[in-house]
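Asker: Input: one structure, supplied below.
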Amino acid sequence: MNRIRMAKMVAASAAVARAAACSAPVPGLLKADGVERVSVDGTVYAAEFRAFRDSALGLGQALLADGGNGSGGNVVSSPGSLLVALAMLRAGASGETAAELDAVLGLPLGTRDEAMNALLASLAKFDGDPGAVDEDNPPRVPVMHVANGLFVDEGVPTGESFLATLARHYGTGVYPVDFSNEGVTKPAIDAWVDSNTGGRIKEAPAKYDPRNTFSLLNAMYFAAAWQTPFDPSSTSDLPFTTGAGEEIDVPAMRNLLEMKYAEGAGWRAVDLPYAEGFVMRLVLPDAIDAAAAFGAQQLTEIADALAAAPLETVQIQLPRWDHKCSFDLHQVLEAAGLQKTLTTTEDFNAIQPDMAITQAGQAANITVAEKGTIAAAVTQVNGMVTSAPPQPEHTIDFDRPFHYQIVHFETGLPLFMGTVADPRS
């Protein structure tokens, strides 16, 4: 991309953000100059989709093991959102960090970005406006909204190849902002989060730091009615044994449905279908387990078992729930083995010179009831340049008549000399 045109784009977007700062809008969305989203054939990426699935299962297990700030053992997370965010980050990684991300996440080599584009395109078949959803009546046609956003400091150069990859395969625009101006930039990022989660998440999950120069976000919003809704008249208070072994009564929904059913050593599971395109996978341990903990490998085995399972008639009893949770992803990613990713100051140079990850967070929530499900999540990864751009020791503005010379450096001879009193004539 032409650097002058990029500079004009940055300046124009920054002006829009400043002009409308009073209402804290999201700044003007820009894409890499001249780069269009690539259309891909998802049918050729079956192996990559499986790799993404297995990777997300591993990330989900790490999130649940961390627990976030969930209360009473309740945890809700979005491994899908985290996977997409890390894939975008990987697009700008090199060296040991790139190798670490590929190895820990099991990302497909060579076709990673193209396959992720195909995955996102598949989800986009159900795209819709989260703000238009009546959450008291989840839609029969599911709404699955995915958004990728990149906020970059207008004073720091961002790699053109990185921006082009995000535009080409992730549909990601860039929002140039002034991170040092927290009063404008934080509300703008929060407005992006609020808009793309239908107001279910109001603020970006990572702590704001005015020293940051980079903030990458993924948002996911899901709303769908069950294929066969639960009859509210069949909901009643029924016993539920908590992880602490306490027996309590909770509102429980009941239904007799056809769904996929599978069982294995220590577990039974069903895929409860939504009206179209999605299921809620429910896995019940044989024994009371406060964390209902399953390893990533076991979760993969369960997924494979259900994929091959026939439809069976199942009587299901399911409590309603409404939970939210947030995570310090720095802890989660470190535990998952991404130490180099979190400490490098060299391997993200393709994004910004000497950039290092400073914060990473996720917020998620879910509401499950008789009619269906509403859920939202935001994943955020922040970074800053570790060697700050040099600040001038002095400032000099030639904004009045001035003297000039053209001097031969070696001899000091002034070859030309003059005065500028009016540059126009």
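Every read-out reported here was derived from the displayed coordinates using simple, explicitly stated rules and does not represent laboratory data. Fair warning: this is a prediction, and the values are worked out from it, not measured in the lab. Ideal geometry is used to build each Cβ from the backbone, glycine not excepted, and the neighbour counts take in all protein chains shown.
Asker: Are there any trypsin sites (Lys or Arg not before Pro) in segment 73-156 that are in a DSSP loop and have at most 12 other Cβ atoms within 10 Å? List them by number. Present the calculation step by step, with values, prior to reporting the outcome.
Answerer: Working: sites: R90, R112, K125, R140; in loops: K125, R140.
Filter output for segment 73-156: K125.
Asker: Please turn the phi angles of segment 184-201 into ³J(HN,Hα) values with the Karplus equation 6.51 cos²θ - 1.76 cosθ + 1.60 (θ = phi - 60°), one per residue in order, whole Hz, x for glycine and proline.
Answerer: Listing the rounded values in order: 9, 6, 4, x, 5, 5, 4, 5, 4, 4, 4, 5, 8, 10, x, x, 6, 10 Hz.
Asker: With a sphere of radius 14 Å drawn around the Cβ of G106, what net charge do the other residues whose Cβ falls strictly inside it have (Lys, Arg +1; Asp, Glu -1)? Each step should come with its number before you reach the end.
Answerer: On the way: positive: R50, R53, R90, R112; negative: E48, D54, E100, D102.
Summing Lys and Arg as +1 and Asp and Glu as -1 gives 0.
Asker: Where Lys and Arg each count +1 and Asp and Glu each count -1, what net charge lies around A375 among other residues with Cβ under 11 Å from its Cβ? Let's see the in-between values first.
Answerer: Numbers: positive: R200, K324; negative: E135, D322.
Around A375, the charge tally is 0.
Asker: Separate question: Order these peptides, 56-64, 357-365, by their mean beta-carbon neighbour count within 10 angstrom, highest first.
Answerer: Numbers: 56-64: 21.9, 357-365: 23.8.
Ranking, from highest mean packing down: 357-365, 56-64.
Asker: Let me ask something else. Provide the descending list of Cα extents for segment 236-319 along its principal axes, expressed in whole angstroms.
Answerer: Projected onto its principal axes, the Cα set of segment 236-319 covers 36, 29, 19 Å.
Asker: What trypsin sites (Lys or Arg not before Pro) does segment 170-233 have in DSSP loop regions with at most 14 other beta carbons within 10 Å?
Answerer: Qualifying residues, ordered by number: K202, K207, R211.
Asker: Here are some pairs, K125/K186; K260/K371; K186/K340; K125/K371; K202/K324; K207/K371; which of them have Cα atoms lying more than 24 Å apart in this structure?
Answerer: Pairs exceeding 24 Å: K125/K186; K186/K340; K207/K371.
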